[in-house]
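The values are calculated or read from the model by the stated rules, or taken from the named source; none is laboratory data. Keep in mind that what you see is a predicted model, and the values were worked out from it rather than measured. Glycine also receives a Cβ, built like all others from the backbone with ideal geometry; neighbour counts cover every protein chain displayed. With ligands, DNA and RNA removed, areas are computed over all heavy atoms of the protein, side chains included. Shrake-Rupley method; radii C 1.70, N 1.55, O 1.52, S 1.80 Å.
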Amino acid sequence: MIHSIQVISEPRSINGVKAKGAKHDKSGYKDALDVLDDLKLVFLNALYYNEVGSQITKDATVLKVSFPSK
């Protein structure tokens with residue numbers, strides 16, 4: 001089985017975004033747009049990695065369009 005880290009060049013997770021957002025030093029997000037970019041990447045990666053029609057891709061599709069573009 002191929003894991004997402006081998007398929008996705010820029011892996012992101014909701015938990016990773018949350019953890020990075022909680023940091024208040026240089027390793028955290030600089031601004032809200034950086035958070036938005038990572039969240040969009042989470043949803044795009046979910047669409048790429050998961051089976052079409054799965055609940056995950058359905059959820060990712062809804063969430064992806066819920067966030068405004070820059």
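Computed quantities for the displayed model
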{"quantity": "Degrees separating the helix 55-66 axis from the principal Cα axis of the chain, which is the longest one", "calculated": "50"}
{"quantity": "Extension gain (nm, one decimal) between L33 and V65, 0.36 nm per residue minus Cα-Cα", "calculated": "10.0 nm"}
{"quantity": "Residue-averaged [θ]222 nm for the chain, counting only DSSP H segments that reach four residues, each worth -39500 (n - 2.57)", "calculated": "-18500 deg cm²/dmol"}
{"quantity": "Most mobile of V35, V52, V17 in a GNM of the chain (Cα contacts under 10 Å)", "calculated": "V52"}
{"quantity": "Sequence-separation-based contact order of region 6-70, relative, with Cα cut under 8 Å and 6+ spacing, percent", "calculated": "31"}
{"quantity": "Relative packing of peptides 55-64, 38-47 - highest average C-beta neighbours within 10 Å first", "calculated": "38-47, 55-64"}
{"quantity": "Value in Å of the Kirkwood radius, where the chain supplies the Cα pairs that are averaged", "calculated": "13.0"}
{"quantity": "Accessible area in square angstrom per residue, the chain, 1.4 angstrom probe", "calculated": "77"}
{"quantity": "Positive-end residue, the chain charge dipole about Cα centroid, Cβ charges, pick of V62, L39, A19", "calculated": "A19"}
{"quantity": "Local electrostatic count at L44 - Lys and Arg +1, Asp and Glu -1, tallied over other residues with Cβ under 10 Å", "calculated": "+2"}
{"quantity": "Computed magnitude of the charge dipole of the chain (debye, nearest 20; Cβ of K, R +1, Cβ of D, E -1)", "calculated": "140"}
